[in-house]
Amino acid sequence: MTRINSKEEWQFVKDLLEENKNDHHRVWLGGSDADLEGTWVWTDGTPVTFSDWLTGRPYSSDSTRNCILTYFGYSWRWYDSICSDHRWAVCKIPAMPLITSPAPTCPPVTTSPTTTTCPSCPTCPPVTTSPSTTTRPSCPTCPPVNTIPSTTTCPPAPTCPPVITFPSTTTCPPAPTCPPVITCPTTKTCPPAPTCPPVTTCPTIPGQCSKNGNFYDINTGYCYKYKVLKDSLRNWYGARTQCITEGGDLASIKSRKEWDVVKGLLQANGVVLVWLGGRDEDVEGTWVWTDGSPVISDYWNPGRPSRLTNLNCLLANSGMSAYGWFDVPCSYLYYTVCKIRE
Ligand SMILES: [Ca+2]
C-alpha cells in the first residue's frame, strides 16, 4: 500500500486521486496504528513522518479507527477510519530501476578569460633606438569564448592560434635606422629687427646751440657759452687771464642779440659791475675787443667813453643804468664774464 514520504509525493498522489475522484471518493493509504494505539506506521513498519491529517484527526485513544483513509470531501485530508470498511485503495509499486547513464564527461571547460588568455608576448630586450618606430611582436588574437550551455553538450574548447614564442634573449629584428634626433633650439626665434632708417646727425641749425642759453654767432658760425665768475673780484687783466684759463676770453659783444643774451645772464647771476673784453689802452679812443676787432656799440652810458687816458677798460654797470658801458681804470676790481666757444 501507499506510503507517503514527503509533501511532494503526497501532492503527486493527490493529483492522481483527483483525476479519479468520480469513481473513488475514499481511498486507503498504507498507514495504521493497529499494533499500538496512537503510533502510526506504514505497512513496511516505518513511522509516519509526513502526514496531512484532517483537523482533529486521528482521534486519540480510538482503538476502532486504526487505518488512514483520505477523502475527496475533505480535500483529500487524512483521517483514521475503521480498517474493515470497504474502500478503494491506492497502491505504490516500485517501478523499474532507473538506469542512470553517467553524465557525459566533458573536457574541462575553460571559462574565459583564464584558459583562453593567450600567452603573453615575450619581453624583448630593450630597444636602444627610437621607440616610436620599433615594433614588438603583437599577441595573437584569440577567438571569442562561448559560454557553456547547461549540461549536455560541451562546446569545443576554443582553439587558439599558435603562439609564437620567442626565446628569452632571442635577437630581435634589427632596429630600424631612425632619423637623427633633431634637437629643438631652446631659444625662440626672434622676429627680425625692424629696419630703422639710418641715423643721421642733425646739422647744426643756425641760431640754435646745443645748450640752452648759449649763443650762436651767425658771423663766426660758432656757438658760444658765457660764464660769470663770482668767485673773486679781479682787475681787467686778471679777469682776462682767468677766462683764458676757462678756455675762452673776456666776453666780447658783437651784436645786439648777443648783448641781450649776456645781459640776461648777468641779471640771472645778480652781478652789478662786470668786466667785458673791450679796451682802448693801445690807442686812446680806439676801442677793440681782445681779438682785435673794433668795439661797435650804442650801449655806452651817456657821456661815455670819456677821453680820459686812465679809463681804458670796458665795464658793464647796472648800478647806474641797465648795464650801460663805462670806461674805467683797468686796475679796478670787478666780477668777470667769460665767452667760451663750444
Ligand atoms: Ca681811454
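Only the coordinates and a few stated rules stand behind these numbers; no lab work does. Keep in mind that what you see is a predicted model, and the values were worked out from it rather than measured. Cβ: placed from backbone, ideal geometry, glycine included. Neighbour counts: every protein chain shown.
Quick look at the numbers
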| item | result |
| --- | --- |
| Residues listed by number, the stretch 23-47, amide nitrogen under 20 Å from D62 label point at 7 Å toward C-beta | 25-42 |
| A95 versus R341: modelled label distance in nm, points set 7 Å from Cα along the beta carbon direction | 14.7 |
| Intensity falloff of the stretch 7-89 expressed as log10 I(q)/I(0), Debye formula with alpha-carbon point scatterers, at q = 0.11, 0.15 Å⁻¹ | -0.26, -0.50 |
| Sequence of I93, I82 once ranked by neighbouring C-beta atoms within 10 Å, starting from the fewest | I93, I82 |
| Label-to-label distance, nm, for residues given as S232 and A34 (7 Å Cα→Cβ offset) | 17.2 |
| Segment N5-A268, length gained on full extension (0.36 nm per residue, minus Cα span) | 80.5 nm |
| Full-extension gain in nm, Y222 to S84, via 0.36 nm per residue minus C-alpha separation | 33.0 nm |
| Average Cα contact separation per residue, the stretch 2-104, under 8 Å, 6 or more apart, as relative contact order % | 29 |
| Order of Y332, Y224, Y79 under a 10 Å beta carbon neighbour criterion, fewest first | Y332, Y79, Y224 |
| Förster-model FRET efficiency, 22 Å R0, Y332 and D260, C-beta, rounded to 0.05 | 0.30 |
| Residues in the stretch 35-55 that a label on H24 would reach, taking backbone N under 20 Å of a point 7 Å out along Cα→Cβ | 42-44, 51-54 |
| S75 versus D291: modelled label distance in nm, points set 7 Å from Cα along the beta carbon direction | 15.0 |
| Vicinal HN-Hα couplings computed from phi for the stretch 316-327 (Karplus, 6.51 cos²θ - 1.76 cosθ + 1.60; Hz; Gly/Pro x) | 9, 9, 9, x, 10, 7, 7, 6, x, 8, 10, 9 |
| Length gained when the stretch L54-D298 is fully extended (0.36 nm per residue, less Cα-Cα span) | 71.5 nm |
| Least to most buried among H25, H86 (fewest other Cβ within 10 Å first) | H86, H25 |
| Stokes-Einstein translational diffusion, the stretch 215-341 - Kirkwood Rh over all Cα pairs, 1.306 mPa s, 10 °C, in µm²/s | 111 |
